[in-house]
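The values are calculated or read from the model by the stated rules, or taken from the named source; none is laboratory data. Please read all numbers here as calculations on a predicted model, not as lab measurements. Glycine gets a Cβ as well: all are built from the backbone with ideal geometry, and neighbour counts include every protein chain shown. The accessibility values were calculated without ligands, DNA or RNA, using every heavy atom of the protein model including side chains. Shrake-Rupley method; radii C 1.70, N 1.55, O 1.52, S 1.80 Å.
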Amino acid sequence: MSRQYFGTDGVRGVVGEDLTPELVERLGRAATLWSGRGRIFVGRDTRASGVELEEALARGIASAGGNAVVAGVLPTPAVALLTLDLGCVITASHNPPEYNGVKFFDRDGQKLTDEQEEQIEALLDQPGTGGGEIDEVGVATDSYLEHVLERFGSDLSGLRIGVDCANGAYAGLAPKAFAQLGAEVATIGDEPDGHNINVGCGATDLRALQQLVVREELDLGVAFDGDGDRMLAVDADGNVVDGDQIVALLALHLQASSVTVTPMTNGGFHELMSEHGIETHVTSEVGDRYVLETIRATSGKLGGEQSGHIIYLDGHVTGDGLVAALLLCKALEGRTLAQAAGVMRRYPQVKENVRVRSKTFSPELVDAIAQHNAELQGRGRVLVRPSGTEPVVRVLAEAPDEAEAASLCANIAALVRRELG
């Protein structure tokens, strides 16, 4: 049985089209039946559609005899930490405001497996039993912040940092965390209105943060996505420091024995880990849930993605943008971010998202990609994969120089467009 609604990271779609209150209510009911009608902790990001969908989810939970514990706006990693018999967050993560979605966590704060999501889908048409309750709580943010600062905070006195909250769930919360640790904070993306989440700000668009850091002569900047499970950084000159570099820095600082990354990870990362004798595990699929699964399967603690999902499981249960930012600041050890990130060589990578009608690769397309990789003979690589959340195919080309990477990417993107567009 294949999943109809669940994708790479929960159920996600354009509100009113792919994602409706009726579907979210059914998901709440099905998940409650699946989990045994317990207490289900519910959070959401700042999208305007979140209030209605949160109400629909809570109705579904109560209709199946469960207890919906509704916390309001809360970062995804906070929901994972505070989960009860089940945790649920209404969010579309880094997607634009017109999207929304539903993500579930089990009682240990772990994302559900493909098999568990299939089991929930099989219950979508089951009738409710009634008898449930809906409660609202208002202390979840404080509990989360206290845990993060106590477990991952350090003295940031003297550090001047730009913080981009993406007009999302970290608005007000992340700047407060840095200020409490002694940093001087300049904040943007901190005025959510329901329609500006991830718009021209956050981890998916670093230009505003780059300008802020350079203009205000800050030491560095960090940017989160709308639900707070991603974090990227920029150095004092406005140069981007991506997830590969951040994971590399943390692996060295934390003296990790192993680290888990995805096929997207830059070749320079693998070189650096090899030089330091750090075992590297590569997931077969892209997505933070697969990084998490591999970290746990290999008894590791650290992993992440180039896109900014940084996972450290010593004192946490999932990826957390604020935790990653605090660990990054601590890992500087008196250096500038540019100096610290400079320990990893980055091979040029060029990417393109190709909008397609179908995400099913033809044998001809598979053969063409394999042929390009064979011709590169290890000097570089081409990676082509369908998005799990959007109607696009993502193309990545890596080569010793930018021009060759750009040419490779353009050739493969044209091929994908011809075959699938």
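Restricting attention to the range 376-421, and to residues there that are assigned to a loop (DSSP other than H, G, I, E, B) and of a type in the set (Ser, Thr, Tyr), which single residue is least open to solvent (accessible area, probe 1.4 Å)?
Restricting to residues being assigned to a loop (DSSP other than H, G, I, E, B) and of a type in the set (Ser, Thr, Tyr), the top hit is SER387.
I need the full set of residues from the range 86-96 which are modelled with pLDDT of 95 or more and open to solvent by 30 Å² or more (accessible area, probe 1.4 Å), in order please.
The one that is modelled with pLDDT of 95 or more and open to solvent by 30 Å² or more (accessible area, probe 1.4 Å): PRO96.
So ASP142 clears everything in (1) modelled with pLDDT under 95; (2) open to solvent by less than 60 Å² (accessible area, probe 1.4 Å) except one condition, right? Which one?
Among (1) modelled with pLDDT under 95; (2) open to solvent by less than 60 Å² (accessible area, probe 1.4 Å), ASP142 violates only (2).
Here are the criteria: (1) under 23 Å from ASP320 (Cβ atoms); (2) at pLDDT below 95. Tell me which single one GLY128 does not satisfy.
The one condition GLY128 does not meet is (1).
Can you run down the residue pairs with Cβ atoms below 6 Å, 6 or more apart or on separate chains, where the first is in the range 203-222 and in contact (Cβ under 8 Å) with a residue 60 or more places away in the chain and open to solvent by 20 Å² or more (accessible area, probe 1.4 Å) and the partner is among the charged types (D, E, K, R) and not in a loop (DSSP other than H, G, I, E, B)?
ASP219/ARG160
Could you tell me which numbered condition ALA179 fails, if it satisfies all but one of (1) without any contact (Cβ under 8 Å) to a residue 24 or more places away in the chain; (2) open to solvent by 50 Å² or more (accessible area, probe 1.4 Å); (3) assigned to a loop (DSSP other than H, G, I, E, B); (4) not basic (Lys, Arg)?
Here ALA179 clears every test but (3).
Name the pairs: first residue in the range 256-275 and more than 14 Å from MET344 (Cβ to Cβ) and open to solvent by 10 Å² or more (accessible area, probe 1.4 Å), second residue charged (D, E, K, R) and part of a loop (DSSP other than H, G, I, E, B), Cβ to Cβ under 9 Å, at least 6 apart or on different chains?
ALA256/LYS301; SER257/LYS301; SER258/LYS301; PRO263/GLU285; MET264/GLU305
What number of residues within the range 1-27 are in a strand (DSSP E or B) and under 20 Å from ALA64 (Cα atoms)?
Just the residues of the range 1-27 that are in a strand (DSSP E or B), to begin with: 6-7, 10-15, 19.
Then drop every residue that is not under 20 Å from ALA64 (Cα atoms), which leaves 11.
Residues in the range 1-27 being in a strand (DSSP E or B) and under 20 Å from ALA64 (Cα atoms): 1 in total.
Looking at the range 145-165, which of its residues are part of a loop (DSSP other than H, G, I, E, B) and either open to solvent by 50 Å² or more (accessible area, probe 1.4 Å) or of a type in the set (A, V, I, L, M) (or both)?
Within the range 145-165, the subset part of a loop (DSSP other than H, G, I, E, B) is 153-159, 165.
Of everything in the range 145-165, those that are part of a loop (DSSP other than H, G, I, E, B) and either open to solvent by 50 Å² or more (accessible area, probe 1.4 Å) or of a type in the set (A, V, I, L, M) (or both) turn out to be ASP155, LEU156, SER157, GLY158, LEU159.
Conditions: (1) under 16 Å from the mean Cα position of the chain (by Cα); (2) closer than 26 Å to GLU293 by Cβ. ARG107 meets all but one. Number of the miss?
Result: ARG107 passes all but (1).
Return yes or no: is ALA80 open to solvent by less than 10 Å² (accessible area, probe 1.4 Å), in a loop (DSSP other than H, G, I, E, B) and of a type in the set (A, V, I, L, M, F, W, C)?
Values: open to solvent by less than 10 Å² (accessible area, probe 1.4 Å): yes; in a loop (DSSP other than H, G, I, E, B): no; of a type in the set (A, V, I, L, M, F, W, C): yes.
No: the conditions fail for ALA80.
Which members of the range 108-136 meet the condition of being closer than 30 Å to GLN180 by Cβ, surrounded by 14 or more Cβ atoms within 10 Å (Cβ to Cβ) and out of contact with any Phe, Trp or Tyr (no Cβ under 8 Å at 6 or more places or on another chain)? Give the steps one after another, and end with the answer.
As a first pass, look at the range 108-136 and keep what is closer than 30 Å to GLN180 by Cβ: 108-111, 135-136.
Next, only the ones that are surrounded by 14 or more Cβ atoms within 10 Å (Cβ to Cβ) stay: 109-111.
If the condition is that a residue be closer than 30 Å to GLN180 by Cβ, surrounded by 14 or more Cβ atoms within 10 Å (Cβ to Cβ) and out of contact with any Phe, Trp or Tyr (no Cβ under 8 Å at 6 or more places or on another chain), then GLY109, GLN110 are the ones that fit.
Report the residue count in the range 28-69 for those that are closer than 16 Å to ILE90 by Cα and either open to solvent by less than 20 Å² (accessible area, probe 1.4 Å) or not in a strand (DSSP E or B) (or both). Even if it seems obvious, please write down each step before you answer.
Pass one, the range 28-69, residues closer than 16 Å to ILE90 by Cα: 28-32, 40-61, 68-69.
If we keep only those that are either open to solvent by less than 20 Å² (accessible area, probe 1.4 Å) or not in a strand (DSSP E or B) (or both) as well, we get 28-32, 40-43, 45-61, 68-69.
The number of residues fulfilling the criteria is 28.
Within the range 191-240, work out how many residues are more than 16 Å from the chain's Cα centre (by Cα) and of a type in the set (A, V, I, L, M). Lay out the reasoning, then the answer.
Step one: list which residues in the range 191-240 are more than 16 Å from the chain's Cα centre (by Cα), which gives 191-196, 199-200, 207-221, 234-240.
Within this subset, residues satisfying the condition of being of a type in the set (A, V, I, L, M) are 199, 208-209, 212-214, 218, 220, 234, 236, 240.
Of the residues in the range 191-240, 11 are more than 16 Å from the chain's Cα centre (by Cα) and of a type in the set (A, V, I, L, M).
Please indicate, with yes or no, whether at least one residue in the range 185-199 is of a type in the set (S, T, N, Q), in a loop (DSSP other than H, G, I, E, B) and open to solvent by less than 50 Å² (accessible area, probe 1.4 Å).
First pass over the range 185-199, keeping only residues of a type in the set (S, T, N, Q): 187, 196, 198.
Now narrow it down to the ones that are in a loop (DSSP other than H, G, I, E, B): 196, 198.
Keeping just the survivors that are open to solvent by less than 50 Å² (accessible area, probe 1.4 Å) gives 196, 198.
Within the range 185-199 (the criterion being of a type in the set (S, T, N, Q), in a loop (DSSP other than H, G, I, E, B) and open to solvent by less than 50 Å² (accessible area, probe 1.4 Å)), the answer is yes, since at least one residue qualifies.
Name the residue, out of LEU322, LEU327, LEU313, LEU302, that is under 26 Å from ASP288 (Cβ atoms), within 18 Å of the chain's Cα centre (by Cα), at pLDDT 95 or above and open to solvent by 20 Å² or more (accessible area, probe 1.4 Å). Working first, answer last.
On the way: LEU322 fails: open to solvent by 20 Å² or more (accessible area, probe 1.4 Å); LEU327 fails: open to solvent by 20 Å² or more (accessible area, probe 1.4 Å); LEU302 fails: open to solvent by 20 Å² or more (accessible area, probe 1.4 Å).
After ruling out the rest, the residue left standing is LEU313.
Which one is surrounded by the fewest Cβ atoms within 10 Å (Cβ to Cβ), of the residues in the range 1-27 that are of a type in the set (Asp, Glu) and without any contact (Cβ under 8 Å) to a residue 12 or more places away in the chain? Quick ask: steps written out before the conclusion?
Taking the range 1-27 first, the residues of a type in the set (Asp, Glu) are 9, 17-18, 22, 25.
Of the ones still in play, those that are also without any contact (Cβ under 8 Å) to a residue 12 or more places away in the chain are 17-18.
Working: GLU17: 9, ASP18: 14.
Result: GLU17.
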